[in-house]
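Please read the structure below before turning to the comments.
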Amino acid sequence: MINLILTVTWRDVVAQLRSRSFMVFTLLLPIVLTLIIGNAIGGTTDFKPLPVAVVGTGEIANGLKKLLADTKTAVVFTLADASQAETMVRIGKATMSIVLPERLEIKFLRNDPLNIEVYLDPTSHQRGELIKQLVQGYMQQLEAARAALLGSVQAIAPATAADLQNTLLAVRTKIEKQYQIAAVNLEQKEAGGRSQGIFAYYAVAFGVMFTLLSATNGAGGVIDELERGTIHRLLASPLTPTLLLVSKFIALWILGVWQLGVFAVFSSIIYGVSWGSPLAVLPVLLATAAAAAGFGGIILGISRSREQLNTLSLVFVLVMSLLGGSMWPLETLPAAAQMLSKLTYNRWSIEAFQLAAVSSSDPQILIAIAVLSAMAIVGVCFGSMQLARRMAR
Amino acid sequence: MLIVEHLQKRYGSFTAVHDVSFHVQAGEVYGLLGPNGAGKSSTIRVLSCLAKPDSGSVRINGMDIVREQGKVKRTIGIVPQDFALYDDFSARENLIFFGRLYGISGRELKIRADELLEAVGLLERGNEAVGTFSGGMKRRINIAAGLMHKPKMLYLDEPTVGIDPQSRRNILDLVKTLNAGGLTVLYTTHYMEEAEELCHRIGVIDQGKIIAEGTLSEMRSMAGETAPIRLELRDNLSKPQLEQLRTIAEEVITQDKTITLFTRDPKTALSGILQMLADFGAHVHHLELDEPDLETVFLKLTGRRLRD
């Protein structure tokens, strides 16, 4: 009995591993996509400074330029003409242009309304937003300084002109000493798991998504066999329908394990992603591959033809990936979507991999593995029932 | 060897096999002849243990195909109508894979695969992917795959459909050789020439029922002493015109614009028939004079041609 299962499983696994399209689809594509998306979102381990144009002169403008340069978030250059600010962003020479008002210091001290114009390239995503936050933080810092300064000035009650001059001198000295612009030190440290960067996140997220796609492709192979007649030939041999189905699902599972395993090794080498302790990762990997095989079973069970299977699998995988965190981090989704994500394979798998990367003893990992295993069993049972019904026709 | 009694198989409300009974003796080639959709493949599906009969019984070498399925499966070899092979595997790998399913392993498996590759004339191309083969080559590997476990009985389900004449010849010769070696064969086809050439006995199946059975000579005698003249006309003939034709022929069968007339002496009767048709103003597009054969039997029994 075991020999029969192994014979059929071996054929399916060998056939897929020989297939060039399978290799491209399961390995090359996730690696390339991780690289592209990771870079587009800015997930390298170091921040690359963005070009930022600043229109404005004087102490406050210089302070802002120094701040941005010191945080290494921006390469700052000065524009003389405010009318060029928007153009620089539009033509891509600057990711952001900041236009400070003229005579800023005087307006600031007088508490006149300040209007700072910021032009931001919308494709800069988080890194552009970060610089914007720095500018806002800087202005708030100045506001605090102004309040302190006003308080100091109001506290001055000079008796003579000489006293006034001495007091002003003392205040100036104090301001120069104490109210220097201090750059925020943005130092990124590798902490593993969820906090180790966007590459780590997308390596896991895409790994899971492509494992699901591969499983549906494998399930499509069963429909191909039904149409080609090889399934019937197999069933005319001593193989029973149950043994045949078990063999097919074991093959899907092995291929899922292989795909995720190889992808984990590649992403570790290429992007330096730390997947965590092998002892913690392996059960998650096995459960994810089993869940993917189960998903293949469900898609197989509801599809009547290869064309239908291709369409359904694409729709299901995309929707689950959108909801389950394979397209963007789960935390960024609305609360309702986060609730719905619990129905997806992606969510449980990504979460389990992320937790396994940080700690091997988190009980949440066991819960995720249990959920994935349950999904696998449900999928395999459903697929088997439907396939058995179809073979009997 | 094979005893089929009152076999019935339904798919929903459709009865694909209706009370079919026939016996196949050991060492015999039994032909199941019928047009497409007659119930041949449905019968083979049941005999191959792929579908359970709704009623009736099938015994192979004394074993019941429902109760002793495991033993029956090892006794029979299946050559399905489809190319039930893996295109991404070589011919040899396909044979080895199907052989393993029957528990053959090691050296024996490789030797058997090579023997069969040689038998079907594809030893030289054994390592090439089946996907690169022509239809005829695939058909031959399809047969070899059904023989890997040395079955006592082989089911061949329309093994020559869609292939070139040379490959067809190869397959017919191969079946003869296998039979000469003692293999019992159940051969389904809708080509009467194949049935005539290969089969010791023939069962004619139509609409799920066996409508005639016997040796080739027995079947020919069913056609009687008349031979058919087949005419394809431009227009349908009227009833009175057909009645007039019946005065010349023993029997007249019409099917749309095709008329088949059975006469004892077709060559003599032909001139009279053509004269009568000319008088009717009928235009003859095509004319065939046939010897009595299985086609004639089928036509006489069903009023339809085998390939319709």
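The values are calculated or read from the model by the stated rules, or taken from the named source; none is laboratory data. Since the model is a prediction, treat every value here as computed from it, not as a measurement. So basically every Cβ, Gly included, is an ideal-geometry build from the backbone, and we count neighbours across all protein chains shown. Surface accessibility is based on the protein's heavy atoms, side chains included, excluding ligands, DNA and RNA. Shrake-Rupley method; radii C 1.70, N 1.55, O 1.52, S 1.80 Å.
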Residue check, A:PHE295 crowded, with 24+ Cβ neighbours inside 10 Å and in a helix (DSSP H, G or I): yes
Quick one: A:ARG228 ticks every box in (1) in contact (Cβ under 8 Å) with a residue 60 or more places away in the chain; (2) within 30 Å of B:TYR155 (Cα to Cα); (3) open to solvent by 10 Å² or more (accessible area, probe 1.4 Å) except a single one, so which number is it? (1)
Cβ-Cβ under 6 Å, sequence separation 6+ or interchain: first residue in region A:135-157 and at pLDDT below 80, partner among the polar types (S, T, N, Q). Which pairs? A:ILE156/A:THR167
Only unsatisfied item for B:GLU93, checking (1) more than 9 Å from chain A (Cβ to nearest Cβ); (2) among the acidic types (Asp, Glu); (3) open to solvent by less than 60 Å² (accessible area, probe 1.4 Å), is (1)
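Does B:SER55 satisfy the criteria of being under 30 Å from B:MET219 (Cα atoms) and either touching a residue at least 60 places away in the same chain (Cβ under 8 Å) or within 14 Å of chain A (Cβ to nearest Cβ) (or both)?
The answer is no for B:SER55.
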Checking the conditions here, which among A:ALA215, A:ALA219 is closer than 30 Å to B:HIS149 by Cβ, at pLDDT 85 or above and away from chain B (no Cβ under 14 Å)? A:ALA219
Taking region A:326-378 and keeping residues farther than 12 Å from A:THR288 by Cα and among the charged types (D, E, K, R) leaves A:GLU331, A:LYS342, A:ASP362
Where the second residue is part of a loop (DSSP other than H, G, I, E, B) and the first is over 15 Å from B:GLY34 (Cα atoms) and lies in region B:204-222, which pairs have Cβ atoms under 6 Å and are six or more apart or on separate chains? B:ARG220/B:PRO292
Could you please find all residues in region B:66-86 being touching a helix residue (DSSP H, G or I) at 6+ places or on another chain (Cβ under 9 Å) and at the interface with another protein chain (Cβ under 8 Å from one of its Cβ atoms)? B:LYS73, B:ILE76, B:ILE78, B:PRO80, B:GLN81, B:ASP82, B:PHE83, B:ALA84, B:LEU85, B:TYR86
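Could you run through region B:23-42 and say how many residues are of a type in the set (S, T, N, Q) and away from every other protein chain (no Cβ under 14 Å)? Give the steps one after another, and end with the answer.
Residues of region B:23-42 that are of a type in the set (S, T, N, Q), as a first pass: B:25, B:36, B:41-42.
Add one more test, that the residue is away from every other protein chain (no Cβ under 14 Å), and what stays is B:25, B:36.
Within region B:23-42, residues that are of a type in the set (S, T, N, Q) and away from every other protein chain (no Cβ under 14 Å) number 2.
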Considering only region B:8-28, I want to know if a residue exists there that is in contact with a Lys or Arg (Cβ under 9 Å, 6 or more places away or on another chain), closer than 21 Å to A:THR240 by Cβ and polar (S, T, N, Q). no
Scope region A:309-342; condition closer than 19 Å to A:SER384 by Cβ and polar (S, T, N, Q); matching residues: A:SER313
If we keep only residues of region A:231-250 that are at pLDDT 85 or above and not in a helix (DSSP H, G or I), then the residue surrounded by the most Cβ atoms within 10 Å (Cβ to Cβ) is A:SER237
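Among the candidates A:ILE377, A:ILE350, single out the residue that is buried (at least 24 other Cβ atoms within 10 Å of the Cβ) and more than 14 Å from every other protein chain (Cβ to nearest Cβ). Outline the logic, then answer.
Details: A:ILE377 fails: buried (at least 24 other Cβ atoms within 10 Å of the Cβ).
Being buried (at least 24 other Cβ atoms within 10 Å of the Cβ) and more than 14 Å from every other protein chain (Cβ to nearest Cβ) holds for just one of A:ILE377, A:ILE350, which is A:ILE350.
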Which numbered condition in (1) more than 14 Å from every other protein chain (Cβ to nearest Cβ); (2) aliphatic (A, V, I, L, M); (3) open to solvent by 10 Å² or more (accessible area, probe 1.4 Å) is the only one that B:LEU122 fails? (3)
Listed residues B:ALA278, B:ALA282, B:ALA269; which is open to solvent by less than 70 Å² (accessible area, probe 1.4 Å) and in a loop (DSSP other than H, G, I, E, B)? B:ALA282
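A quick yes/no check of all residues on (1) among the aliphatic types (A, V, I, L, M); (2) farther than 30 Å from A:THR242 by Cβ:
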{"site": "A:SER303", "(1), (2)": "no, no"}
{"site": "A:LEU309", "(1), (2)": "yes, no"}
{"site": "A:LEU323", "(1), (2)": "yes, yes"}
{"site": "A:MET327", "(1), (2)": "yes, yes"}
{"site": "A:LEU340", "(1), (2)": "yes, yes"}
Return the pair list, or none, for Cβ contacts closer than 9 Å from residues in region A:17-30 that are at pLDDT 80 or above to residues that are open to solvent by 30 Å² or more (accessible area, probe 1.4 Å) and outside any helix (DSSP H, G or I), at least 6 apart or on different chains. A:ARG18/B:ASP88; A:SER19/B:ASP88
Could you pull out the residue among B:LEU245, B:LEU289, B:LEU261, B:LEU270 that is farther than 29 Å from B:GLU193 by Cα and hydrophobic (A, V, I, L, M, F, W, C)? B:LEU245
Would it be correct to say that B:ILE248 is open to solvent by 10 Å² or more (accessible area, probe 1.4 Å), modelled with pLDDT under 85 and aliphatic (A, V, I, L, M)? yes
Is it fair to say A:LEU68 is modelled with pLDDT under 85, open to solvent by less than 20 Å² (accessible area, probe 1.4 Å) and over 17 Å from A:GLU143 (Cβ atoms)? yes
Answer yes if at least one residue in region A:251-271 is within 14 Å of chain B (Cβ to nearest Cβ), at pLDDT 90 or above, crowded, with 23+ Cβ neighbours inside 10 Å and touching a helix residue (DSSP H, G or I) at 6+ places or on another chain (Cβ under 8 Å), and no otherwise. yes
List the number of the failed condition for A:SER274; all other conditions in (1) among the hydroxyl-bearing types (Ser, Thr, Tyr); (2) farther than 16 Å from A:VAL14 by Cα; (3) part of a helix (DSSP H, G or I) hold. (3)
